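Readers should treat all values here as calculations from the given coordinates under stated rules, not as data from a laboratory. This structure is a prediction, so every number in the text was calculated from the model and none was measured. As a convention, Cβ positions derive from the backbone with ideal geometry for all residues, glycine included, and neighbour counts pool all protein chains shown.
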Amino acid sequence: MSKQPSRDDPSKPKQHGYEYKKQFYQSSEVAADYDEHRFRTPKRQRRNARKWAAIQQALALTDGVKTIVDLPCGTGRFTGHLARAGYTVVGSDISIEMMQQAAKLPSVSHENIKGYVRADAEALPFRTKSADCVMSIRFLFHVDPDTRRCMLREFGRVSRRWVIADYRHKYSVRYGIWKLSRALGLTRRPFERVSVKSMTAEFEDAGLRVARIINVRRWLSDKWVVLAEAGHVDPDSLKVRLAGTDYSDLEVTEKLGEGKRSVVYRARWQGRDVGLKVYKPAAIARHARKHKLPLAEFEHRRNRAFFDARGMSKYVAEPLGFIVEPGFQMSLQECLDGEVYYFAQREHADFISPRFMDDLAEVVSLSHEAKLYDIDLHAMNVMVDRKAGGPKLFDFNQIPFTERPQNPFIGLALKLGLLGRESRDLRKLARFNNFERVERKLLKYYEQHGTSPA
Ligand SMILES: C[S@@+](CC[C@H](N)C(=O)[O-])C[C@H]1O[C@@H](n2cnc3c(N)ncnc32)[C@H](O)[C@@H]1O
């Protein structure tokens, strides 16, 4: 009969906190005791079986998964299961000791396990899009939210599409008891648990879309297994997607930049350079909650309305087309030759026409004449045309506040005529050369991505 797990077991962490745990498992003594402590009693085996069932449920919702990185694999709790289920698996962990333990266990050995790689989840040594799925169990909830976002971003980079991770949530009896105890002053112990909203936001910040949340055991367990989808497209898979469509000859030539909503590429299509926008799953999902038209179609139509408005075609990138498919949306527009106004003026670019601000004022008044509002006018969103020296617009605010006011007071003020539909654009036009907000945003971008937005 196996002994009951105890607080004194070598593999029971003695402190909270990610930094401690990152070091803790890098010990042979801890690794050797890990399975004994975690999985030997019947109760713990039942708990493991439930977790594996939830992981299988998540995997059943995916398609095309052949290769999985199990990260951290620890002593291989699920590495063997995955291999026996037919997946090609690579185990990965920061602790060599834990992986050595996994490699020793007969229950973990299988020909589908292709090896073990030492890796820090904060900066993975794997190539971009080198696996179909990254799975991370019993890990992220030990990590602070900022580092967690960074890790999720890494998982999304390495995975061609799917990420599976477990989270501790607050919709359980245990959480209710803790809340009550805290309210009664019986405990001051912190008990960090996520809500649906905070967890979804973490994934979205990392460029991932939550596809399904699976309860390991409703109310009785505080664990979810979360299935998420990564947002990037690689040029090869794009070719496959576009075969047989009007865009089958589209060739991606370079990545131009990445925003919150999309990744933008330069591409060749029908013998010309075009700008290709591939929308991120999280942005597609966010937009779908607000509007019945899919994001790519919505943006295409909005840009088209500006482009077609009287006198505006010389100021707006021509929208060329879009695709909306399950799990994939893209749009194409004229590739502009110019420089974003913020950088052009900073570098004193001599191609900025002296009439630039007058032209911009004309853009605003022509738009309003066509009853188009909320242009999102700021120095990173307007390009200076290298030939004409005037403004060229390529990206508009999504759903204008005139259509979907942010709060009821704005809606009421619009209705009562206290707020003009054109007010926001006129204010932005007047402040166009005040870069404070743009610089704050840029700084945030640099901090998050380490590069400037292209
Ligand atoms: C509680 S175990 C979970 C292992 C396994 N997934 C399971 O369910 O049994 C946590 C593992 O995370 C690993 N770990 C901690 N920090 C890490 C990091 N930054 N990168 C990769 N692995 C890490 C530890 O070495 C340990 O093996």
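List of remarks:
- Highest to lowest packing among 114-120, 420-426, 158-164, scored as the average C-beta count within 10 Å: 158-164, 420-426, 114-120
- Ordering of 217-230, 283-296 by burial proxy (mean other Cβ atoms within 10 Å per residue, highest first): 217-230, 283-296
- If the chain linking VAL240 and SER27 were pulled fully straight, counting 0.36 nm for each residue of separation and taking away their Cα-Cα distance, it would gain 72.0 nm.
- Spatially proximal lysines relative to LYS415 (Cα-Cα < 25 Å; intrachain offsets below 8 disregarded): LYS290, LYS292, LYS371, LYS428
- Cα point-scatterer Debye curve for region 165-261, base-10 log of I(q)/I(0) at q = 0.10, 0.12, 0.21 Å⁻¹: -0.48, -0.59, -1.05
- Selection from VAL173, VAL108, VAL69, by position along the positive dipole direction of region 18-230 (Cβ): VAL173
- Loop-located chymotrypsin sites (Phe, Trp or Tyr not before Pro) in region 337-413, at most 16 other Cβ atoms within 10 Å (DSSP): PHE351
- Remark: the ARG188-ARG46 segment gains 48.0 nm on full extension, using 0.36 nm per residue and subtracting the alpha carbon distance.
- Dipole of region 42-179, positive direction: furthest Cα of VAL143, SER159, THR88, with charges on the beta-carbon: VAL143
- Antiparallel DSSP beta bridges within the chain, as percent of all bridges there, nearest 5: 70 percent
- The charge dipole of region 216-314, taken about its Cα centre with unit charges on the Cβ atoms of Lys, Arg (+1), Asp and Glu (-1) only, comes to about 660 debye.
- Using the Cβ-Cβ distance between ASP308 and ALA85 with R0 set to 51 Å, the FRET efficiency from 1/(1 + (r/R0)^6) comes to roughly 0.40.
- Backbone N atoms of region 238-275 closer than 12 Å to the 7 Å Cα→Cβ label point of GLU325 belong to residues 238-248.
- Residues SER195, SER27, arranged from fewest to most other Cβ atoms within 10 angstrom of their Cβ, appear as SER195, SER27.
- Kirkwood Rh, angstrom, the chain [1 / mean 1/r, Cα pairs]: 25.1 Å
- Listing ASP374, ASP146 from fewest to most neighbouring C-beta atoms within 10 Å gives ASP146, ASP374.
- Cut-off 13 Å (backbone N to label point 7 Å along Cα→Cβ of LEU256), residues of region 368-394: 381-386, 392-394
- Taking a point 7 Å out from the Cα of TYR18 in the direction of its Cβ, the residues of region 150-180 whose backbone N falls within less than 20 Å of it are 150-159, 163-170.
- Region 295-357: trypsin sites (Lys or Arg not before Pro) in DSSP loop, at most 10 other beta carbons within 10 Å: ARG310
- Other-chain or far-sequence residues with amide H under 5 Å of ASP120's (modelled H): none
- Residue-span extension gain [ASP9 to SER181] - 0.36 nm each, minus C-alpha spacing: 59.1 nm
- A crude spin-label estimate for the pair GLU439 and GLN100, with each label 7 Å from Cα along the Cβ direction, gives 5.4 nm.
- For region 1-131, share of DSSP beta bridges that run antiparallel, in % to the nearest 5: 10 percent
- Think of it as helices only: each DSSP H run of n ≥ 4 in the chain is worth -39500 (n - 2.57), and spread over all residues that comes to -11000 deg cm²/dmol at 222 nm.
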